[in-house]
Amino acid sequence: MTSIAIVGAGPQLGLAVARTFGSRGFDVALVSRDRDKLGRLVDTLTAEGITAAGFPADVLDRDALTQALKDAAAHFDGIDVLEYSPVGTLGSTTLTTPTQTEPDHVRHEMEFQLYGAIAATRAVLPAMREAGAGTLLFTTGAGSIDPVPQVGNVNAAAAALRNWVLNLHKELDGTGVQAAHVGIDVSIGTPAVPGFPTAQPEEIAPVYWDLHTTKRDQAELVFSG
């Protein structure tokens, strides 16, 4: 049986990705800091006939994140796909333009986006390299590619993550392990800004399946609706 670990699992994109892979026979490991949310997601997937389990961890706690992924690998006898897409909350995320940005504004986002992704990768990549197979998928908003001044600090960290993933893709070429970045150039579900294009998570999730299956040579896909 194959498995996917979704870090930052939530009721929108995370659940849609879980359904996309789970409906094709994957076991699903869900990682989130919210135990109650994990329980609800597991119950939803189980009711749909998908084998799922929750592993609580905050991506800002590197040791806890590493342990959660190790526990998931032990539970499901390995992790074949890692998908990393945690989203900050309004209470924890301060949005600043480039001229408003202070080092601390970017530092938090780097901890959340880049450093968490690196820790998650280090937890699962050695086994993938040993097996000669695996997929590492990382999500940001499309501001990592075409930055928007209103979220300058978030874009800076997202761009750092994107750069690291593209470099990881190059390093892993020929190993059987695929690393790729997904840039989402829409609001998911409801518009974040009036007039901004939106898409439902079910429309976006197939991108992850394509990267895992038929587009393994690509380092990046951008979803724009």
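The values are calculated or read from the model by the stated rules, or taken from the named source; none is laboratory data. These figures come from a predicted structure and were not determined experimentally. Heads up, the Cβs are rebuilt from the backbone with ideal geometry, glycines too, and the neighbour counts pull from every protein chain shown. Heavy atoms of the whole protein, side chains included, go into the accessibility calculation; ligands, DNA and RNA do not. Shrake-Rupley method; radii C 1.70, N 1.55, O 1.52, S 1.80 Å.
Assorted remarks:
- Members of segment 147-171 that are free of Cβ contacts under 8 Å to residues at least 24 places away in the same chain and of a type in the set (D, E, K, R): E171
- So K70, is it open to solvent by 20 Å² or more (accessible area, probe 1.4 Å), among the charged types (D, E, K, R) and modelled with pLDDT under 95: no
- Residue satisfying all of: in segment 76-98; modelled with pLDDT of 95 or more and out of contact with any strand residue (DSSP E or B) (no Cβ under 6 Å at 6 or more places or on another chain); surrounded by the most Cβ atoms within 10 Å (Cβ to Cβ) among these: G78
- Subset of segment 45-55 [buried (at least 19 other Cβ atoms within 10 Å of the Cβ) and not in a strand (DSSP E or B)]: L45, I50
- Sole exception among (1) under 14 Å from the mean Cα position of the chain (by Cα); (2) at pLDDT 95 or above for G10, by number: (2)
- In segment 194-225, the residues that are in contact (Cβ under 8 Å) with a residue 24 or more places away in the chain, in contact with a strand residue (DSSP E or B) (Cβ under 6 Å, 6 or more places away or on another chain) and open to solvent by 70 Å² or more (accessible area, probe 1.4 Å): R216, V222, G225
- Output for segment 147-174, where each listed residue is in contact with a strand residue (DSSP E or B) (Cβ under 9 Å, 6 or more places away or on another chain) and part of a loop (DSSP other than H, G, I, E, B): V148, L172
- All of D63, D58 fail the test of being in a loop (DSSP other than H, G, I, E, B) and free of Cβ contacts under 8 Å to residues at least 40 places away in the same chain, apart from D58.
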